[in-house]
Amino acid sequence: MDVLGFGRLIDPESQAAMRAGADWHKTFQQELMRDYAMCSVEVTLRDTDWGVSGRMDAVVETPTGPAVIEYKTVSGDRFQLIQQGGPLVSHWSQLQLYLAVGSIPKGALVVDARPSHQRLIFHAEADPMWAQWLRVRIERVKAYQAVRKLPEREVSQGCLSCDRWQRCFSSEDERDRQVHQHPVWAPEPSVPDLVGYTVSHQVVS
Ligand code: SF4
């Protein structure tokens, strides 16, 4: 929807959460700059072969080479889900995309809970299975972009918190009915396993 220019319909609650998230981002980047002698924040990434562009939250230099740091803040409920089940696909795919496109071998996904300041850090290496999955999904986006069409909906529980649901369903009732019938996201091809990461838990003062 982004590449075809369909805007997001952001409610006031989501806007407030985004503003809070932006403040936390700045604080986190300052933390990194204090802790690492070599740290670049808001690093632009653009690749014509992949056909993507974006901005990495940070790239830090470690004794074993550069590492991408992707930072997210989530509500307490989501944090618990992540604690129990591992990173969200949307977060993980973003980190893996940066690793693949930037040819950077390792990175970390840092997830902070608002407002408790609990933190999970998922350390990862570039995963070729994820690179392949992302490549297929991006090629699909490009194919639909070329003919200016949206692909089929991929209905799941995620539609309930999607800020574009009004583009996909004619009413809340229709959305809820469809989600009830297809609660689990089943993209094509299916999502690779989230494996090979180590995780640490902190409370940030
Ligand atoms: S409402 Fe559902 S199908 Fe439509 S864009 Fe959002 S997540 Fe995808």
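Below are the figures for this structure:
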read-out	value
Per-region count, segment 155-177, residues more than 21 Å from ARG78 (Cα to Cα) and without any contact (Cβ under 8 Å) to a residue 60 or more places away in the chain	9
Those residues of segment 138-159 which are part of a loop (DSSP other than H, G, I, E, B), of a type outside the set (Ser, Thr, Tyr) and under 30 Å from ALA17 (Cα atoms), in sequence order	LEU150, PRO151, GLU152, ARG153, GLU154, VAL155
Filter pass, THR27 being of a type in the set (Ser, Thr, Tyr), assigned to a helix (DSSP H, G or I) and farther than 30 Å from TYR144 by Cα	yes
Residue under evaluation TYR197, criteria (1) touching a residue at least 12 places away in the same chain (Cβ under 8 Å); (2) within 16 Å of the ligand (Cβ to nearest atom), criterion not met	(2)
Segment 144-159, residues that are small (Gly, Ala, Ser) and within 14 Å of the ligand (Cβ to nearest atom)	SER156, GLY158
Within segment 133-143, considering residues that are in contact (Cβ under 8 Å) with a residue 24 or more places away in the chain and of a type outside the set (A, V, I, L, M), the one nearest to the ligand (Cβ to nearest atom)	ARG137
Per-region count, segment 89-134, residues surrounded by fewer than 14 Cβ atoms within 10 Å (Cβ to Cβ) and under 13 Å from GLY51 (Cα atoms)	0
Checklist (1) assigned to a helix (DSSP H, G or I); (2) closer than 24 Å to THR73 by Cβ applied to ARG135, failing item	(2)
Top-ranked residue of segment 147-183 - restricted to ones that are among the aliphatic types (A, V, I, L, M) and at pLDDT 95 or above, ranked as nearest to GLN96 (Cα to Cα)	VAL155
Members of segment 53-79 found to be surrounded by fewer than 18 Cβ atoms within 10 Å (Cβ to Cβ) and either in a strand (DSSP E or B) or polar (S, T, N, Q) (or both), listed by number	SER53, GLY54, ARG55, GLU61, THR62, THR64, GLY65, PRO66, SER75
Residue list for segment 160-186, filter: away from the ligand (no atom under 11 Å from the Cβ), farther than 15 Å from SER90 by Cα and not in a helix (DSSP H, G or I)	SER170, SER171, PRO183
All positions within segment 34-50 that are surrounded by 14 or more Cβ atoms within 10 Å (Cβ to Cβ), of a type outside the set (Phe, Trp, Tyr) and not in a strand (DSSP E or B)	none
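The values are calculated or read from the model by the stated rules, or taken from the named source; none is laboratory data. Just so we're clear, the structure is a prediction, and the values are computed from it rather than from any experiment. Neighbour counts run over all protein chains shown; Cβ positions are idealised from the backbone, glycine included.
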